[in-house]
Amino acid sequence: MARPEKVRLGDLLIQQGLLTEAQLKAALEEQKRSGRKLGRVIVESGLVTEDAISKALARQLSIAYVELKFFNTRPELVELLPEAQARRFRALVLEDKGKALSIAMVDPTDLFAFDEVARVLKRDIEVAVVTESQLLATIDRVYRRTQEISGLAKELTAELGDMPVEFGDLLGLTPGQEDAPVVKLLQTVFEEAIKTRASDIHIEPQEKSLRIRFRIDGVLLVQTESDPKISSALVLRLKLMSGLDISEKRLPQDGRFNIKVRNNAVDVRISTMPTQFGESVVMRLLAQSSGILSLDRMNMPAHILDRLRHAIHRPSGMVLVTGPTGSGKTTTLYAALAELNTPAKKIITVEDPVEYRLPGINQVQVHDKIDLSFDRVLRTALRQDPDIVLVGEMRDQVTAEIGMRAAMTGHMVLSTLHTNDALSTPIRLLDMGVPRYMVALSLQLVLAQRLVRVICESCAEPYTPVPHEHEWLRYELGDKVDAHAYKRGRGCSHCNGTGFQSRTGVYEMLEMSNALIEATNQDDPNLFMQVARQQMAGNTLRRDAVRLVLEGRTTVEEAMWISSQQDE
């Protein structure tokens, strides 16, 4: 296509009725003062949305406007334009139309960028308009570094060879060795993990390969497989970064370190374990920049959110969040703490490890090697005049009893427990040896939760449940099962072909009423379960998962998986 004509953005927006003369004048003055682009000034001032500006450009130039979050990019086309040029010129290859390549650009009137993109691609190009935020998000997602990781692994393998290597060189400690292959490989792995929203990195030595996997939305995905001889170099470097004993290879070790990836501070928890073919390493990534979620953003049903808020704002009592490892319990507790965190409240947390750092509260990490155990720290914490205490986990009878006593003596205690559902939590406490009167008087509310994957909105499509899914739905919906529409994700470049993007919570709640307190004091678990079921009235994890299915946010299969966990 011909080069687009140069247009004055301000005049265009006035012409299309999106901006007034006075608003443009103010925006131009701010542009002159700050040096930012006029479009960015207008958007950040709230005068016109990014979307509206892009559509106005598309109308003026008679070219297409593309909603990138619904466009399925193809890696082989995207990579025709190197990432550096894509970011510099705010451009992305969308389609090969034979005679020309279709290119998404934020500013198609930038003639220099147009000419440079055409020069790099050596093809005729047709331009479509996209918003800058969507383009940058797409660039972050589609320019994967899997091949670069594999290449760096091969480079490290070649450098190690069969010759002895200086210890300092291997770890990148020698001055001038910051670009050592082991350092570059780990840096690239961390950057790719953050880009793909991975929660964990697994480095696993096998007999004939070293496998690196990322856990994304709760599912492990292989990133690369390399020569196993580089395993020791990676483990040594990671141990050094986390202050672990680099000479100890026979025993498991745990540690943590902080890194900066693309100006984002990331807290890394590391665990090493000796296996048959070398040390396996798992790293949990906690991006500090993502901040603490608020309770309003936890996707709780309104009645559960209201009762939870009422419970945590009481002056005393215990609130427990239950579920298996990785079900988001700590995230929920910290959302509650963020709401309770005021200068008028003294908050102490006792954790192993401290997963989130929240300003204004006193956080203590237990350390069993120096006898800084949960029960010892908790006893000390209660002498520090706290209003609210968070205990990372009710691990044993001693910790549970101390927490219960604190809840009975004027403290609000928040904690977690590993149980399958809310109903079984008081029974579990009794099985741990906690006296009945303590459970009855201290426990205020139990919130059980799980995480389900959310359907990718870029490739969501209608779905007809298969027979066994249909029957499962009938249990909750009865004859109305066919009156609802269902969805699934087809799989696209936005979700790495999985059909899912991100996760959300499903919840159930048990609040200790007078009837439940009386049932707890009776030595009859069946009576307690009967009263509890009547009180919950079917508001279970299963029903909440079905709610998400009917909203089109998750699949029937995901909801069934949650139900199977609860029934274990």
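What pairs come up if the first residue lies in the range 190-203 and is over 18 Å from Glu355 (Cβ atoms), the second is in a helix (DSSP H, G or I) and open to solvent by less than 30 Å² (accessible area, probe 1.4 Å), and their beta carbons are under 7 Å apart, counting only those six or more places apart or on different chains?
Going by the 7 Å Cβ cut-off, the qualifying pairs are Glu192/Ile149; Ile203/Leu234.
Given Ala532, Ala515, Ala545, which one is assigned to a helix (DSSP H, G or I), within 26 Å of Arg297 (Cβ to Cβ) and hydrophobic (A, V, I, L, M, F, W, C)?
Going through Ala532, Ala515, Ala545 in turn, just one is assigned to a helix (DSSP H, G or I), within 26 Å of Arg297 (Cβ to Cβ) and hydrophobic (A, V, I, L, M, F, W, C): Ala545.
I'd like to know if the range 14-33 contains one or more residues that are within 28 Å of Ser458 (Cα to Cα), out of contact with any Gly (no Cβ under 9 Å at 6 or more places or on another chain) and touching a residue at least 12 places away in the same chain (Cβ under 8 Å).
Checked against the condition, which is being within 28 Å of Ser458 (Cα to Cα), out of contact with any Gly (no Cβ under 9 Å at 6 or more places or on another chain) and touching a residue at least 12 places away in the same chain (Cβ under 8 Å), the range 14-33 yields no hits at all.
Answer with yes or no whether Lys249 is touching a residue at least 24 places away in the same chain (Cβ under 8 Å) and surrounded by 21 or more Cβ atoms within 10 Å (Cβ to Cβ).
So Lys249 does not fit the description; no.
Sort out which residues of the range 194-212 are surrounded by 18 or more Cβ atoms within 10 Å (Cβ to Cβ) and of a type in the set (Gly, Ala, Ser), and write them in order of number.
Ala198 - this is the single residue of the range 194-212 that is surrounded by 18 or more Cβ atoms within 10 Å (Cβ to Cβ) and of a type in the set (Gly, Ala, Ser).
Is there any pair linking a residue in the range 214-229 that is on the phi < 0 side of the Ramachandran plot to one that is among the aromatic types (Phe, Trp, Tyr), with Cβ under 7 Å and at least six apart or on different chains, and which?
Leu221/Phe214; Gln223/Phe214; Pro228/Phe277
Gly491 - would you say it is of a type outside the set (Ser, Thr, Tyr), open to solvent by less than 70 Å² (accessible area, probe 1.4 Å), closer than 28 Å to Asn72 by Cα and part of a loop (DSSP other than H, G, I, E, B)?
yes
Kindly provide the set of residues from the range 430-447 that are among the basic types (Lys, Arg) and free of Cβ contacts under 8 Å to residues at least 60 places away in the same chain, ordered by number.
Scanning the range 430-447 gives no hits.
For the range 407-429, enumerate the residues that are part of a helix (DSSP H, G or I), touching a residue at least 60 places away in the same chain (Cβ under 8 Å) and either more than 34 Å from the chain's Cα centre (by Cα) or crowded, with 22+ Cβ neighbours inside 10 Å (or both).
Scanning the range 407-429 gives Ala407, Met408, Thr425, Pro426.
Which fully enclosed helices (runs of 4 or more DSSP H) of the range 1-110 have 1 or more residues being within 21 Å of Leu121 (Cβ to Cβ), open to solvent by less than 20 Å² (accessible area, probe 1.4 Å) and among the small types (Gly, Ala, Ser)?
Output list reads 83-89.
The values are calculated or read from the model by the stated rules, or taken from the named source; none is laboratory data. Everything numeric here is computed off the predicted structure, so don't read it as measured data. Positions of Cβ are generated from backbone atoms using ideal geometry, with glycine treated the same way; all protein chains shown enter the neighbour counts. Quick note on the areas: whole protein, heavy atoms, side chains included, nothing else; ligands and nucleic acids left out. Shrake-Rupley method; radii C 1.70, N 1.55, O 1.52, S 1.80 Å.
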